[in-house]
Amino acid sequence: MNSDRPTTVLVRQAGHPFFRVMVAFPIAFFFAALLTDLAYVGTADMFWSDFSDWLLLGGVITGFIAAIAGLGALASRRRDPARPRRPVGIVILGSVIVLALGVLNNLEHSHDAWTSVMPYGLALSGITAVVVILTAWAGFRAPAVVAEAVAGPGYGRGYASSTYTTTVEPRI
C-alpha cells in the first residue's frame with residue numbers, strides 16, 4: 001500500500017468477548033424453557049415440566065454470570081470523547097427484569113405438576129421470552145465488529161453512529 005494520501009480506518013469497538021459469549025446462554029435457556037412449557041401443556045408429561053425448571057435455573061445462573069461480566073466490561077470501558085456513547089440503561093433494566101422474571105418463574109415451576117406450568121408458569125415464560133427479545137434487540141442493534149480500510153472520505157457513513165475515525169499515515 002504505497003500511497004501518498006492517508007488511509008481512513010473505521011473500527012467499531014465490540015463489547016467484551018466473554019460478555020458477548022455469556023449473553024447467548026440465558027437467551028437460549030429462557031427460550032427453551034418456553035418451548036418445554038408448551039410441550040408440557042400439549043403432553044402433560046412431567047418430564048417437560050422438570051426440564052423447564054432446570055432450563056430456568058440454567059438461564060438464571062448464566063444470566064447472573066453474564067451480568068457480572070457485563071458490569072465488568074462496562075466499568076473497564078474507556079471514555080473516548082470521539083466515540084458516541086451508546087445508551088446502556090435500557091439493556092441493564094431489561095436484563096434485571098429478565099433475571100427477576102426468571103427467578104420468579106423458577107419458583108413457580110417448583111410447584112406440583114399441572115399448577116407449576118399452567119397458567120402462571122407458561123405466562124411467565126412467554127413474558128420472559130418477549131423481554132429477552134426486546135433486551136437483545138436493544139443491546140445488539142449494530143453489527144458486532146466492522147473493520148474496513150477505506151480509501152476516501154465518506155465511505156462507510158452507515159456506521160457513523162457506532163464508529164470513530166483514525167487517520168493513519170502510510171509508511172514510506
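Here, each number is a calculation from the coordinates, and none is a lab measurement. Note that this is a predicted model, so its numbers are computed, not measured.
Quick one: Karplus J couplings for region 90-102, per residue in order, coefficients 6.51, -1.76, 1.60, θ = phi - 60°, nearest Hz, x for Gly and Pro?
Rounded to whole hertz, the list is 5, 5, 5, 4, x, 5, 5, 5, 4, 5, 5, 5, x.
Tabulate in residue order the Karplus-calculated ³J(HN,Hα) for region 106-121, using 6.51 cos²θ - 1.76 cosθ + 1.60 with θ = phi - 60°, rounded to whole Hz; enter x for Gly and Pro.
5, 5, 5, 6, 7, 6, 7, 6, 4, 6, 6, 10, 9, x, 6, x
Decide, for region 16-142, between rounded, prolate and oblate: order the square roots of the alpha carbon gyration tensor eigenvalues as a ≥ b ≥ c, take rounded if a/c falls under 1.5, and otherwise choose prolate if a/b is larger than b/c, else oblate. Please list the in-between numbers first.
Details: a/c = 2.99, a/b = 2.59, b/c = 1.15.
Judged from the Cα gyration tensor, region 16-142 comes out prolate (a/c at least 1.5, a/b above b/c).
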